[in-house]
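Can you read through this structure? Questions will come right after.
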Amino acid sequence: MMSSFDSLIDQATRKFSTKCPAIDYANFLIVLPSNQKLLYISGHKIVKKYPISTSKFGLGNVEDSFKTPIGIHHIEEKIGKGMPINTVFKGRKPIKNNMTLEDLYNDEKLRKDHFDNYDDVITTRILRLKGLEKNINLGGNVDSYLRYIYIHGTAHEDQIGREASHGCIRMLNKDIIELFDSCYEKMLVLILDN
C-alpha cells in the first residue's frame with residue numbers, strides 16, 4: 001500500500017521528468033505548505049522531515065503579494081556557509097560585524113537602524129530559490145528569484161509550524177544549518193500548492 005508521502009514523491013519525480021528531464025533529481029526537496037513541512041528526498045525515500053513556516057498571506061507567485069510561490073524551483077545560491085548560528089543577514093550579507101540575534105534583541109537602536117520590519121529577520125543560512133517554470137515562477141511579475149524567495153533561518157522560531165512568513169520558507173536555525181550542509185546548488189525544490 002502506497003503512503004501519501006510515497007504518492008508525493010512519485011508526483012514530484014513525474015513533474016521533474018516531464019518539465020526538467022535534463023536535471024538530476026536523485027535528491028530533491030518537497031515543500032508542503034498544507035502541513036508546514038519540508039521533506040528531503042534521496043533515492044526516492046524521505047531522509048528528513050523539517051518543520052517550516054510559509055507565508056501568512058497564503059500561496060501565490062505574483063510580485064509584491066508576499067505569498068509563497070508554488071512550482072518547480074532549484075537552489076540558485078547558498079549563502080552564509082561557516083557563519084555562526086543566528087547570524088543576522090540583510091541584503092544577503094551579514095550585518096554589523098556578524099551581528100547575531102542576541103545582539104539584535106539586546107540593542108533597540110540596532111533594530112531600528114537595520115530593520116524597518118522586525119517581523120521578517122533572516123538568520124543563519126540562506127538558500128536562494130530560482131523558479132524553473134516560465135510564467136509560473138520564472139519571468140515577468142512572477143519571478144521567484146527576483147522576488148528574493150529563500151529558505152532561511154528566522155528570528156521567530158516560535159512561529160515555525162504555522163503560516164507566518166512574508167513569502168519565504170522559514171526554518172529553525174539548527175535545521176537550516178543541517179539542510180544547508182546537505183544541499184547543493186541546482187538541487188530541485190518542488191513547492192506544492194496544497
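Going through segment 115-158 one residue at a time, which ones are part of a helix (DSSP H, G or I) and either small (Gly, Ala, Ser) or modelled with pLDDT under 95 (or both)?
Tyr118, Asp119, Asp120, Gly140, Glu157, Asp158
Hey, another quick one. Among the residues of segment 163-190 satisfying the criterion of being part of a helix (DSSP H, G or I) and touching a residue at least 60 places away in the same chain (Cβ under 8 Å), which is most open to solvent (accessible area, probe 1.4 Å)?
Lys174
Next question, about the same structure. Residues that are open to solvent by 30 Å² or more (accessible area, probe 1.4 Å): which strands (runs of 3 or more DSSP E) entirely in segment 1-102 hold 3 or more of them?
Output list reads 45-53, 71-79.
Just for segment 133-155: of the residues that are of a type outside the set (Ser, Thr, Tyr) and in contact with a Lys or Arg (Cβ under 7 Å, 6 or more places away or on another chain), which one is most open to solvent (accessible area, probe 1.4 Å)?
Checking each candidate, the answer is Glu133.
The values are calculated or read from the model by the stated rules, or taken from the named source; none is laboratory data. From a predicted model like this one, the values you see are computed outputs, not experimental measurements. Heads up, the Cβs are rebuilt from the backbone with ideal geometry, glycines too, and the neighbour counts pull from every protein chain shown. All accessible areas refer to the heavy atoms of the entire protein, side chains included, with ligands and DNA or RNA removed. Shrake-Rupley method; radii C 1.70, N 1.55, O 1.52, S 1.80 Å.
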